[in-house]
Amino acid sequence: MKIQVLFGVQLPVDSLIAQIIHYLTIAWGLILFIGNFIASMLIALGVIFWLSGWKLSRGRQMVLGGIILFLVMLWMAWNAPWIAFLS
């Protein structure tokens, strides 16, 4: 009896894994978007506080925190966990 090996057969597990990766990619993009939005709002509010003279130290802290958060989001965008997995 001859055994045939079928190449290119797509198992149901493959489509499930593809869907999971798709939804994780969407969630990762959403996390990056929210993080960048919060960083930009921190910087904008910090500049307003700092330049208006209302809360000088809090404004400087907010600007610094926004810049740090933006750099962390940039690092997260360049070092996505699945980039090493896919390459």
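Structure summary
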quantity: Residues located in region 14-30, provided they are touching a residue at least 24 places away in the same chain (Cβ under 8 Å) and within 17 Å of Leu74 (Cα to Cα); calculated: Thr25, Trp28
quantity: Residue list for region 46-61, restricted to those being in a helix (DSSP H, G or I) and either out of contact with any Gly (no Cβ under 6 Å at 6 or more places or on another chain) or surrounded by fewer than 14 Cβ atoms within 10 Å (Cβ to Cβ) (or both); calculated: Val47, Ile48, Leu51, Ser52, Leu56, Ser57, Arg58, Arg60, Gln61
quantity: Conditions (1) surrounded by 15 or more Cβ atoms within 10 Å (Cβ to Cβ); (2) closer than 22 Å to Tyr23 by Cα; (3) at pLDDT 95 or above; (4) not aromatic (Phe, Trp, Tyr): number failed by Ala80; calculated: (3)
quantity: Region 31-45 - residue that is surrounded by 14 or more Cβ atoms within 10 Å (Cβ to Cβ) and among the β-branched types (Val, Ile, Thr) and, of those, nearest to Met73 (Cα to Cα); calculated: Ile38
quantity: Ile21 vs. criteria under 25 Å from the mean Cα position of the chain (by Cα), modelled with pLDDT under 90 and part of a helix (DSSP H, G or I); calculated: yes
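The values are calculated or read from the model by the stated rules, or taken from the named source; none is laboratory data. These numbers come from a predicted model, not from an experiment. Heads up, the Cβs are rebuilt from the backbone with ideal geometry, glycines too, and the neighbour counts pull from every protein chain shown.
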